[in-house]
Amino acid sequence: MENELSGRRLWQVAGAIRDRLHAVRLSRFHKAQGQIQGLASDLAELESVRRKLSLCVARSWTAAAGSLMDEAARLFRSLNFTSKDAELGLNKPEVAIPNVRDVLEELLQAEEEFEGLRYYPEDQILAIVTDTIELEGIYLGDFEVQLHIAALGDPSFRSLYRVVALDPHPSVRNEAVTHPHVSEERLCAGDAGAAIDTALAGGRICDFFILVRSVLTNYNRDSAYVTLEDWDGAACHDCGSVMGEDDTYYCTSCDNDFCGECSSCCSRCDETTCLGCLETCPVCEDSVCSGCMTRCPECGERLCRRCREEARCPCLNEEPETQEEEKHDADTSGIEDASERGEADGTGGTRDPDEAATPVAAQAAEEGAGEDRASVHTDGLGETALLP
Amino acid sequence: MRIMFINNDGGGYADYVEVAAGTTVDKFFSQQIAGGKAEDYLIRVNRQPVPRDYVLQEGDRVTVTPTKIEGALAA
């Protein structure tokens, strides 16, 4: 294969890894040098403050001495912080940097363990390919574990290695998850994290690849990006069809997952609800979830909250109809009375339309004509009231 | 005698350890990985697989790597 690593190229890669580890170690010394330099500067400044303070005390310059005390306190705080930081850095366990031959042996061992090594010179990537992985009956395919040699010792650890699915069989729920513990080509190493760090710091490349493989060939149900149970999608609680993450709808009424065909949303609260949990309001005939259904306080009939708030239950409409009928009866009798009176007084029963529409008022006005103490008013429902 | 032991279990470390003469790989594993099952580990001596009754020699390099490690979900 084009990228197979062997012969002279193996030596070159071993040399590149060794150089990179050497550079990482050197950078650690550089950092320690900077920390010690910071400590030395603070100590020199403290010595200067000590000399000035001695002079102030000898000459009783109390104001100046007070300022110097503040300066000394600031320096002590700085020294405390810098010394602790330096101590932590210096106490990190020293990792022996392997020589080129040791790294070469690691590469040869990896080549033997994984039946070949791959190298991509343009990106300085060293890689192995795992066997086909199948976990709990779910086929996941083979993976290429890519180690970025140039990133060794890089604090942004996430970019150091990638796990690329060569025959991807991602979860239906999330296409970026190609393995329960791999998302966007990044492995969450879990219990292997510290051992992987240690192996890479010591140039134990083969151990690194074996550790990654040990994670890939196992499954931790409690901490997976997508569990294997849901790998091919969850089944609709109603029709049983398999659904992807984007096609799954959670019913807030019965707490189950449903497909798009078996779910809808409540016309009142807009919550996703399965068809089984939706009810049809008998008044407005909208589909409503059980939380938005209630009962009519008058007749106890089930109806949606909006119909209840708007008093649209049929039982509440019965009363206004009765009143309407009464009004109609009153109107009819009023017209008849006026007609009779018109015939009697010679007007022939011709009346103003408004007057006809308010027969009771008209009648009352006639009865109270000439009396200034009160006037008669109608509210349009055939009821009368006295106004002052 | 002294051998190099690389333990990739837990945090992972590499160090020299003293072992008694005549110690087999099986016995060494039991001493170092308390409660561990040998079948759950990849054991290599001088980078090569060896039988359980292989008797360790001065300067051997023993690597023990778990084959069943639980991954996790990124925090």
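The values are calculated or read from the model by the stated rules, or taken from the named source; none is laboratory data. Just so you know, these numbers come straight off a predicted model, no measurement behind them. Glycine also receives a Cβ, built like all others from the backbone with ideal geometry; neighbour counts cover every protein chain displayed.
Select from segment A:60-82 the residues that are surrounded by 15 or more Cβ atoms within 10 Å (Cβ to Cβ) and within 43 Å of the chain's Cα centre (by Cα) and write down the one among them that is nearest to residue A:36 (Cα to Cα).
A:82
Checking the condition touching a helix residue (DSSP H, G or I) at 6+ places or on another chain (Cβ under 8 Å), of a type outside the set (Gly, Ala, Ser) and modelled with pLDDT of 90 or more, which residue from A:274, A:299, A:281 passes?
A:281
On the given criteria, is residue B:13 surrounded by 18 or more Cβ atoms within 10 Å (Cβ to Cβ) and either within 10 Å of chain A (Cβ to nearest Cβ) or closer than 25 Å to residue A:180 by Cα (or both)?
No: the conditions fail for residue B:13.
Looking only at segment A:3-32, how many residues end up being more than 15 Å from residue A:101 (Cα to Cα) and more than 44 Å from the chain's Cα centre (by Cα)?
Number of matching residues: 0.
Keeping to segment A:194-208, report how many residues are at the interface with chain B (Cβ under 8 Å from one of its Cβ atoms) and more than 25 Å from residue A:132 (Cβ to Cβ).
Going through segment A:194-208 one residue at a time, the tally reaches 5.
Kindly indicate whether residue A:260 is free of Cβ contacts under 8 Å to residues at least 24 places away in the same chain and small (Gly, Ala, Ser).
Considered against the rule, which asks whether it is free of Cβ contacts under 8 Å to residues at least 24 places away in the same chain and small (Gly, Ala, Ser), residue A:260 comes out as yes.
Any idea which of (1) part of a loop (DSSP other than H, G, I, E, B); (2) away from chain B (no Cβ under 14 Å); (3) within 30 Å of residue A:134 (Cα to Cα) is the one residue A:284 doesn't satisfy?
The one condition residue A:284 does not meet is (3).
Six or more apart or on different chains, Cβ under 7 Å: which pairs go from a residue in segment A:209-224 that's more than 7 Å from chain B (Cβ to nearest Cβ) to one that's in a loop (DSSP other than H, G, I, E, B)? Could you list them?
The qualifying pairs are A:209/A:114; A:213/A:130; A:216/A:130; A:219/A:136; A:219/A:180; A:221/A:227.
Take the residues in segment A:192-238 that are buried (at least 22 other Cβ atoms within 10 Å of the Cβ) and charged (D, E, K, R), then tell me which one is farthest from the chain's Cα centre (by Cα).
A:204
Would you check if residue A:232 is assigned to a loop (DSSP other than H, G, I, E, B) and more than 14 Å from chain B (Cβ to nearest Cβ)?
On the way: assigned to a loop (DSSP other than H, G, I, E, B): yes; more than 14 Å from chain B (Cβ to nearest Cβ): yes.
Yes: the conditions hold for residue A:232.
This table checks each residue for (1) within 14 Å of chain B (Cβ to nearest Cβ); (2) on the phi < 0 side of the Ramachandran plot; (3) of a type outside the set (S, T, N, Q).
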| site | (1), (2), (3) |
| --- | --- |
| A:106 | yes, yes, yes |
| A:115 | no, no, yes |
| A:121 | no, yes, yes |
| A:125 | no, yes, yes |
| A:137 | no, no, yes |
| A:140 | yes, yes, yes |
| A:144 | no, yes, yes |
| A:147 | no, yes, yes |
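Restricting to segment B:42-75, name every residue that is within 14 Å of another protein chain (Cβ to nearest Cβ) and in a strand (DSSP E or B).
If the condition is that a residue be within 14 Å of another protein chain (Cβ to nearest Cβ) and in a strand (DSSP E or B), then B:42, B:43, B:44, B:45, B:48, B:61, B:62, B:63, B:64, B:65, B:66 are the ones that fit.
Condition first: facing chain A (nearest Cβ under 8 Å), surrounded by fewer than 18 Cβ atoms within 10 Å (Cβ to Cβ) and out of contact with any Pro (no Cβ under 9 Å at 6 or more places or on another chain). Can you find one or more residues in segment B:24-41 that meet it?
Pass one, segment B:24-41, residues facing chain A (nearest Cβ under 8 Å): none.
Looking through segment B:24-41, none of the residues is facing chain A (nearest Cβ under 8 Å), surrounded by fewer than 18 Cβ atoms within 10 Å (Cβ to Cβ) and out of contact with any Pro (no Cβ under 9 Å at 6 or more places or on another chain).
Filter segment A:60-97 for residues that are hydrophobic (A, V, I, L, M, F, W, C) and within 13 Å of residue A:45 (Cβ to Cβ); which is farthest from the other protein chains (Cβ to nearest Cβ)?
In this case the residue turns out to be A:68.
If only one of A:16, A:110, A:23 is of a type in the set (A, V, I, L, M, F, W, C), within 27 Å of residue B:4 (Cα to Cα) and within 14 Å of chain B (Cβ to nearest Cβ), which one is it?
On the way: A:16 fails: within 14 Å of chain B (Cβ to nearest Cβ); A:23 fails: within 14 Å of chain B (Cβ to nearest Cβ).
It is A:110.
Could you grab me the full set of residues in segment A:235-266 that are part of a loop (DSSP other than H, G, I, E, B) and either within 14 Å of chain B (Cβ to nearest Cβ) or farther than 28 Å from residue A:279 by Cβ (or both)? Give the steps one after another, and end with the answer.
In the first step, residues of segment A:235-266 are kept if they are part of a loop (DSSP other than H, G, I, E, B); the result is A:236-241, A:244, A:248, A:252-255, A:259-262, A:266.
Scanning segment A:235-266 gives a single hit, A:244.
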